[in-house]
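Rule-based calculations on the coordinates, nothing more; no lab input. Given the structure is predicted, the values throughout are model-derived calculations rather than measurements. Positions of Cβ are generated from backbone atoms using ideal geometry, with glycine treated the same way; all protein chains shown enter the neighbour counts.
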Number of protein chains: 2
Amino acid sequence: MDMQQTLNDWHRMIAARDLSRLEDIIHPDAVFRSPVAHTPYKGRDALVLALSTVINVFEDFTYHRQFFTEDGRNATLEFSANVNGKQLKGVDLIEFNEDGLIVEFEVMIRPASGLMALGEEMGKRVGAKLKEFG
Amino acid sequence: MDMQQTLNDWHRMIAARDLSRLEDIIHPDAVFRSPVAHTPYKGRDALVLALSTVINVFEDFTYHRQFFTEDGRNATLEFSANVNGKQLKGVDLIEFNEDGLIVEFEVMIRPASGLMALGEEMGKRVGAKLKEFG
């Protein structure tokens, strides 16, 4: 498996809104860096929980540009979505290991109003649970 | 001029902390999308004002990974910095036209505490002035 295969799997899962096989493409020691919190969340379970929740929070989620590092081990996926009536833009910064597994997943969101709406909604749904991985 | 030349110029300006020639690499109709505000700021003057101010607000500013789209017309530059004691990570999403000029510059910042610190400091320094370009 390489990065491109993993990305294809990822896009298929998102299009089908079915993340039941998500852990197949994530390394057990993966790190999730949230757009809201400073402290990273550690381990595959944290990342699966965060991503499985956020796809139900985002409305009208659409990917746009894809950017890659020259070594083919890092990707940036640009997206737009709405959360509780607030429009937002964001990026997924994803690092892959040599086997194509996701080892780091970092999310950034703009503008501030969109980030706050997302943070509030994620806090309600998984805030306490996610903190256990901090 | 192409994207790579413009990026080389940009990195030289940042390293020298001298943005006096910044407008040479920006299209007159460039758009700046701030990490804080929803409404984009229009025109080269707005982008020059924002970038010239932010390099004085960021402490310990460092670029990390660089990502590119396959068409060679878009780049994502990952960075870290501190603002008033808050650590932050960010990305510059830059679109170039066929002449290598910057036509769009979008910034995203995490975590929320870093974004708030940046927004507060930028607001104090150029908030009213930037709004004129909204």
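Points worth noting:
- Among B:Asp99, B:Asp71, B:Asp24, the residue with the largest mean-square fluctuation in a Gaussian network model of chain B, with springs joining Cα atoms closer than 10 Å, is B:Asp71.
- Taking the range B:3-131 and dividing mean pair separation by its residue count, relative contact order in percent (alpha carbons under 8 Å, at least six apart): 25 percent
- Between B:Asp2 and B:Ser80, full extension at 0.36 nm per residue minus the direct alpha carbon distance yields a gain of 25.5 nm.
- 7 Å along Cα→Cβ, label-point gaps from B:Glu120 to other copies, nm, shortest first: 2.1
- For the residues A:Ala75, A:Ala46, A:Ala112, a GNM of chain A with alpha-carbon springs under 10 Å puts the largest fluctuation on A:Ala112.
- Label point of B:Ala16 (7 Å along Cα→beta-carbon): distances to the other copies' equivalent points are 5.4 nm, sorted ascending.
- Pairs of Cα atoms farther than 28 Å apart, the protein assembly as shown, %: 33 percent
- Cβ-to-Cβ counts within 10 Å put A:Thr62, A:Thr76, A:Thr53 in ascending order as A:Thr62, A:Thr53, A:Thr76, the fewest first.
- Distance violations [Cα-Cα > 25 Å] among A:Lys124/B:Lys124; B:Lys42/B:Lys86; A:Lys131/B:Lys89; B:Lys42/B:Lys124; A:Lys42/A:Lys86; B:Lys89/B:Lys124: A:Lys124/B:Lys124; B:Lys42/B:Lys86; A:Lys42/A:Lys86
- In a simple Cβ point-charge model (Lys, Arg +1; Asp, Glu -1; nothing else charged), the protein assembly as shown has a dipole of about 1180 debye relative to its Cα centre.
- Distance between the range A:96-134 and the range B:74-133 - C-alpha centres, whole angstrom: 20 Å
- 10 Å Cβ neighbours from other chains, averaged over peptide A:100-113: 5
- Under 19 Å of direct C-alpha separation, and excluding same-chain neighbours fewer than eight residues apart, B:Lys129 reaches these aspartates and glutamates: B:Glu23, B:Asp29, B:Asp45, B:Glu106, B:Glu120, B:Glu121.
- Cα-centre dipole for the range B:3-131 with unit charges at Cβ (Lys and Arg positive, Asp and Glu negative), debye to 20: 580 debye
- Simple spin-label estimate for A:Asp99 and B:Arg125 gives 4.6 nm between the two label positions (7 Å along the Cα-to-Cβ direction from each Cα).
- Between the beta carbons of A:Asp60 and B:Thr39, assuming R0 = 25 Å, the FRET efficiency works out to 0.80 to the nearest 0.05.
- Taking other C-beta atoms within 10 angstrom as a stand-in for reagent exposure, A:Glu98, A:Glu120, B:Glu95 fall in the order A:Glu98, A:Glu120, B:Glu95, fewest first.
- Going by neighbour counts of Cβ atoms within 10 Å, the residues A:Lys42, B:Lys124 line up, fewest first, as B:Lys124, A:Lys42.
- Helical contribution to [θ] at 222 nm, DSSP H n ≥ 4, -39,500 (n - 2.57), averaged over chain A, rounded to 500: -12000 deg cm²/dmol
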